[in-house]
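See below for the structure under consideration.
What follows draws every value from the coordinates through simple rules; no lab data is involved. Bear in mind the structure is a predicted one, so any value in this text is a computation, not a measurement. FYI the Cβ positions are ideal-geometry reconstructions off the backbone, even for glycines, and counts take in every protein chain you see.
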Amino acid sequence: MEKYTLPPRAASLSESMRDIGYSLETAIADIIDNSITAGATSVEIWCDFELNQPQLAITDNGQGMSRDELIEAMRHGSTHPRNKRSSDDLGRFGLGLKTASFSQCRQLVVISRKNGELAGAMWDLDTIDDEWNIGLLSQDEILSCPHVDHLGSSGTLVLWLKLDRLSEGDVSSNKQKMLLEKIEVADRHLSLVFHRFLSGEVRGKKLDIFINGHKLDPFDPFCLSNKATQLLPEEIVRLDGHEVRIQPYILPHHSKLSPKEHDYYESRSEFVSNQGVYIYRNNRLMVWGNWFRLTPKGEATKLARVRIDFPSALDEQWTIDIKKSRAQPPQQVREKLRHIISRIVEQSTRVHSGRGRKLFDEAKAPFWVRYAEHGGVRYSLNRNHPVLAAYRKMIEGDQQRLFQEVLTVIEDSIPVEAIYSDYSMTPKGFDEPAKIDTEEILVRLRLLCELLSAESQMDMNTFKETINRLKPFCDYPKEIEQVIKEKYNA
């Protein structure tokens, strides 16, 4: 068989690789991967979008690269994906620097300092030829590049110029707003993806990431700072001599979160959509919010999370993509995950529904009664509740039948779907009572007092106990005491 060398055309391939599927935040994350591999403890991202020619720069204080190392780093496929990597190496295909950059810009400049020496190189899609020629920068060209002054004694600057895709072709007045929203999305994405590095959990030292001088805070998706978070037993799967660690968590019920905690987690990691498995490769979050079709997402499992850690030595078994934003668990892990999910789903359901059961169990005379029957659940008004019973005594004949029909219509008209939807989106809002004027509360309390004592004299303790079990009156103890004094001269 005759062999014929057929190298790809550089211009065509480079243009095609722009559409692998990076977003701004995933592209930046891929560059930061290289900074972490280089041992950086600080990464600064500078976005100059108000210039006529917007630019984005990423600098780090890592070990830097020599001229020869920089040239090799600019090569497409600079590292074979099957090469063994250290636990600090977040690379995979040797393509990330180029593919991530070209997904956002047409001109990539990389400048690095190592051992006091500066080296610079550039890819420009508008001038690239089919010989895969890069431009090597002179010292004067390097020193004239924006943000090069941010480099310390060692480190690397990645500069994106000709940002043709950043504004998505929008030339309207909304362009600036859209760019700021993209930066906000990048802030949240990086805070989550690198949260274990930002918190200092990895390598025993913190990684600092700044966007335009603003320091990112780590976002822990498992809410470990809250004592109510439950850690279930960890499971370990061994593949080819390596460990895959599986740690299930049950997040706290929203009633266990402070208002600040709830707003923070709800805004950054909506509980229902972000339930599921969180996959980490060398401590870097890759994929999250997915049950891999092992169980459907739902309200009952909204508090369940599973953290999976695997080393880069198992990359092939996890089918990692170039963007490092997709991973499929190997079959052995899926089987173990299947058993774990059945256990955590039950626990998540218990935590989520336990609050409701507790409210029903604690109430001696609840206004609503819950019935579980025929495989379903229904709620009915407690016809024997003191308020309903007292009013029923005040009416006779047809009025009583009409009253019973009104109660039935109310029961049959509960907007279950709307309540479920609203509760799923803003559960904390259901716990916050509406503000009611003090005089209005007093008027309503006096009417209730008149109603409850219309047919039979209700003693003070019974009245107080009944009112304290009713919303919203239970939130107004001073007003209850005032009405009791008026009624009973207490």
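At a glance:
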{"quantity": "Residues with amide H under 5 Å from that of V43, placed H, sequence gap 5 or more", "calculated": "D208, I209, F210"}
{"quantity": "Two-site FRET efficiency, E335 against S16, from Cβ-Cβ distance with R₀ of 45 Å, rounded to 0.05", "calculated": "0.75"}
{"quantity": "Size of electric dipole in region 10-215: Cβ of Lys, Arg +1 and of Asp, Glu -1, about Cα centre, debye, nearest 20", "calculated": "780 debye"}
{"quantity": "Label-point separation in nm, I71 to R203, each point 7 Å along Cα→Cβ", "calculated": "2.8 nm"}
{"quantity": "FRET efficiency estimate (nearest 0.05) - Cβ-Cβ, S23 to D217, R0 30 angstrom", "calculated": "0.90"}
{"quantity": "Neighbour-limited loop hits for GluC sites (Glu not before Pro), region 1-67 (at most 11 other Cβ within 10 Å; DSSP other than H, G, I, E, B)", "calculated": "E2, E50"}
{"quantity": "Gyration tensor (alpha-carbon) shape descriptor, region 10-215, a/c threshold 1.5", "calculated": "rounded"}
{"quantity": "Mean Cβ count within 10 Å, highest first, over the residues of peptides 54-64, 283-293, 223-233, 331-341", "calculated": "54-64, 283-293, 331-341, 223-233"}
{"quantity": "Rounded FRET efficiency, nearest 0.05, which uses the C-beta distance separating V369 from E243 and R0 of 60 Å", "calculated": "0.75"}
{"quantity": "Length added when fully stretched, Q139-L232, from 0.36 nm per residue minus Cα-Cα", "calculated": "27.8 nm"}
{"quantity": "Cα Rg, Dmax (largest Cα-Cα span) when computed across region 106-260, Å", "calculated": "22.0, 63"}
{"quantity": "Fewest-first sequence of D30, D129 by Cβ atoms within 10 Å of each Cβ", "calculated": "D129, D30"}
{"quantity": "Too-long pairs where the Cα-Cα distance tops 19 Å, listed order kept, from K182/K297; K435/K471; K464/K487; K256/K302; K435/K478; K182/K260", "calculated": "K182/K297; K182/K260"}
{"quantity": "Karplus (6.51, -1.76, 1.60) ³J(HN,Hα), θ = phi - 60°, over region 152-160, in Hz, Gly and Pro reported as x", "calculated": "x, 5, 8, x, 9, 10, 10, 10, 9"}
{"quantity": "Per-residue HN-Hα couplings for region 285-293 [Karplus 6.51, -1.76, 1.60; θ = phi - 60°; Hz; x = Gly/Pro]", "calculated": "5, 10, 9, 8, x, 9, 9, 6, 6"}
